[in-house]
Amino acid sequence: MKRVALNGNYAVAYAVKMADVDFVAAYPITPQTPIVEKISEFIANGELEAEYVNVESEHSAISACIGASLTGARVFTATSSQGLAYMHEVLFMASSLRTPIVMANVNRALSHPLNIWNDHSDAMPERDCGWIQFWVESAQEAFDTTIQAFKIAEEVLLPVMINLDGFILSHVYEAVELPDEELVREYIPSKPLINRVSPKLSYTIGVVGPPEYYFEMKYQALEAIERSRNNINNVNKEFSKVFGRKYGNVNEHMMEDAKYVLITMGAVTGTAKFVVNELRKKGEKVGLLSIRCFRPFPKDEIIKLLEDVKGVGVLDRALTPGGPGHPLYTDICCALYNAKNRPIIQSFVGGLGGRDILIDDFIKMFEIVKEVSEEGRPKPCIYIGLRE
Amino acid sequence: MKTWKEIPIGAMIIEPGNSVEFDVTTWRVFRPILDKSKCTKCGLCWIYCPEGAIMIKEDGSYEINLSYCKGCGICQKSCNVKAITMVREYEESST
């Protein structure tokens, strides 16, 4: 094991190298990230033996990954913002064809207006495409989750997306503990999956699903992602035994005896943790949850964690225009609706298009959560930092 | 019909050649009728039929397997001696 300075991009690239990936397809131009640049370097230097295909678009990148994955290869790709949007229709095929592709998505805003900065509006529209979705908060977690992703994907035959915040995580250097490559390869041995396009098998792949069959075919992939909850829990447990770092589907911070809780996703969790620590020093009973595994949504864990909580603030970094609430808020409300003890849930939106969410913003959010909890009803969504 | 558990993973078709099990009888609007007295056994309809619905019997005569016939009428067009006619499967609706 060695401790090195890596940014989020390189942490993912190192994980891909250690996972001994067989095939990478990526569109190399904007909005691509240094993840695949680093991987191509590894391959060019002979440090990773893999097929690297420069394709002409993200639509082709994910399509090539599906083809390669069907041969039983271990497959990786990376993208960001408009690139992910361009993959949209093919993402559904990847999950329904049950291809265990692992993809890193560096979260950035979608146009218009053109904006290359960080928020969650690229990945949120893809939450219903049948992929397992992880959201990480540090470079270390990006590395670890990428390793876990290969294990989970290949166990349940579903694609896994790792979301890491653009720039504030993808381009910021942090200390990362890199395990020995042998240990990683022992943990995720490259066992060839069945080659479904072998001429010996004569399988027909990518079939027509008429009304008599489409429902059953889709349900099969739905059942797989529901079933993946067990695999994810086991992988989390196993991983902490082998590598010493523990992750849950929901990462909790100061949740014991917490009365007012903020729910976040991604790298802003770091700032929020700092604020929680500060408020705790002043005797405030505040806590923090960050949703690490967004799909499948850890509904039962969330209900349990919020059992004795009075007020919850949900911070969204993406919009659902015209919807009943913004994406994470809607999911949290839905999860808690049938819970015995339901806290007051306040919606916040902030940090769109790379706008910073500052320490003071988090302090204000906690104040509002406390205020609405005492009043007994939430306010309409509060847009943090919006000039009005 | 198969349940979701019985369908192979990823909705693959893992038995090759299983289109023989697929009956398309209900797709048809027109049905080909072969007049064996006119047929010269030239085999053109057999060549042109896109569905393989025309069978050659042991005695060298031809027969149309209506389970696979979608009623496209290509056999009728290909027949030089007009041994095949297309007739409506159902009476035309009066409306």
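Hey, what's the Cα Rg ratio for the stretch A:264-371 versus the globular rule of thumb, 2.2 N^0.38 Å? It would help to have the intermediate numbers written out before the result.
Values: Rg = 13.5 Å, N = 108, 2.2 N^0.38 = 13.0 Å.
After normalising by residue count via 2.2 N^0.38 Å, the value is 1.04.
To the nearest 10 degrees, how steeply does helix A:327-336 sit against the main Cα axis of chain A, on a 0 to 90 scale?
Once rounded, the angle reads 70 degrees.
Leaving out same-chain residues fewer than 8 places away, which lysines sit with a Cα under 21 Å from that of A:K281?
A:K259, A:K273, A:K310, A:K364, A:K370
Give the lysines reachable from B:K38 as a straight Cα distance under 19 Å; neighbours fewer than 8 places away on the same chain don't count.
Correct list for B:K38: B:K57, B:K77, B:K82.
If one computes P(r) from the Cα atoms of the stretch B:23-88, what percent of pairs lie at distances over 15 Å? Numbers along the way, then the final one.
Values: 940 of 2145 pairs.
Percentage above 15 Å: 44.
Excluding residues on the same chain fewer than 8 positions from A:K200, give the aspartates and glutamates whose Cα lies under 16 Å from its Cα.
B:E15
In a GNM of chain A with a 10 Å cut-off on Cα contacts, which of A:T33, A:T146, A:T330 has the highest mean-square fluctuation?
A:T330
Would you give the gap between the C-alpha center of the stretch A:328-388 and the C-alpha center of the stretch A:1-72, rounded to a whole Å?
37 Å
Can you sort A:L358, A:L305 by 1.4 Å-probe accessible area, starting with the largest? Provide the component values of the computation, followed by the final result.
On the way: A:L358 100, A:L305 40 Å².
The residues order as A:L358, A:L305, largest area first.
Can you give the FRET efficiency for B:R88 and A:K191, using 1/(1 + (r/R0)^6), R0 = 56 Å, r = Cβ-Cβ distance, to the nearest 0.05?
The computed FRET efficiency comes out at 0.45.
Any idea how far the Cα center of the stretch A:227-296 sits from the one of the stretch A:189-223, in Å?
Going from one Cα centre to the other spans 36 Å.
For the protein assembly as shown, what's the radius of gyration and Dmax over Cα atoms, in angstrom?
Answer for the protein assembly as shown, Rg first and Dmax second: 28.5, 103 Å.
Calculate, in whole percent, how much of the Cα-Cα pair population of the stretch A:2-243 lies beyond 33 Å. Let's see the in-between values first.
On the way: 3738 of 29161 pairs.
Value for the stretch A:2-243 (Cα pairs over 33 Å): 13 percent.
When you look at the Cβ of every residue in A:216-228, what mean number of other chain Cβ atoms sits within 10 Å? Mind dumping the intermediate values first?
Details: counts 8, 6, 2, 4, 9, 4, 1, 2, 2, 0, 0, 0, 0.
Averaged over the peptide's residues, the number is 3.
So between A:N45 and A:V4, what do we pick up on full extension, going 0.36 nm a residue minus the alpha carbon distance?
Details: separation 41, 0.36 × 41 = 14.76 nm, distance 1.99 nm.
Taking 0.36 nm per residue and subtracting the Cα distance, the gain is 12.8 nm.
Accessible surface of B:K36 in the full protein assembly, 1.4 angstrom probe, to the nearest 10 Å²?
110 Å²
With a ≥ b ≥ c taken as the square roots of the eigenvalues of the C-alpha gyration tensor of the stretch A:1-135, please select rounded if a/c is under 1.5 and otherwise prolate if a/b is larger than b/c or oblate if it is not? Walk me through the numbers before you get to the answer.
Numbers: a/c = 1.64, a/b = 1.18, b/c = 1.39.
Verdict is oblate for the stretch A:1-135.
Give me the distance in nm between label points sitting 7 Å out from Cα along the Cα-to-Cβ direction at A:Y337 and B:I56, one decimal.
Those two pseudo-labels are separated by 6.5 nm.
Rounding to the nearest 10 and keeping the result within 0 to 90°, find how far the Cα-based axis of helix A:81-96 lies from the longest principal axis of chain A.
That helix lies at roughly 70 degrees to the long axis.
If you rank B:Y90, A:Y219, A:Y247 by how much accessible surface each has, with a 1.4 Å probe, what is the order from largest down? Walk me through the numbers before you get to the answer.
Numbers: B:Y90 145, A:Y219 90, A:Y247 30 Å².
The residues order as B:Y90, A:Y219, A:Y247, largest area first.
Using only protein heavy atoms and a 1.4 Å probe, report how much of A:D331 is accessible, in Å² to the nearest 10.
Surface accessible to solvent at A:D331 totals approximately 30 Å².
The values are calculated or read from the model by the stated rules, or taken from the named source; none is laboratory data. Note that the coordinates shown come from a computational prediction; the quantities given were computed from them, not determined experimentally. As a convention, Cβ positions derive from the backbone with ideal geometry for all residues, glycine included, and neighbour counts pool all protein chains shown. Note: accessible area is taken over every heavy atom of the protein model, side chains too, but ligands, DNA and RNA are not part of it. Shrake-Rupley method; radii C 1.70, N 1.55, O 1.52, S 1.80 Å.
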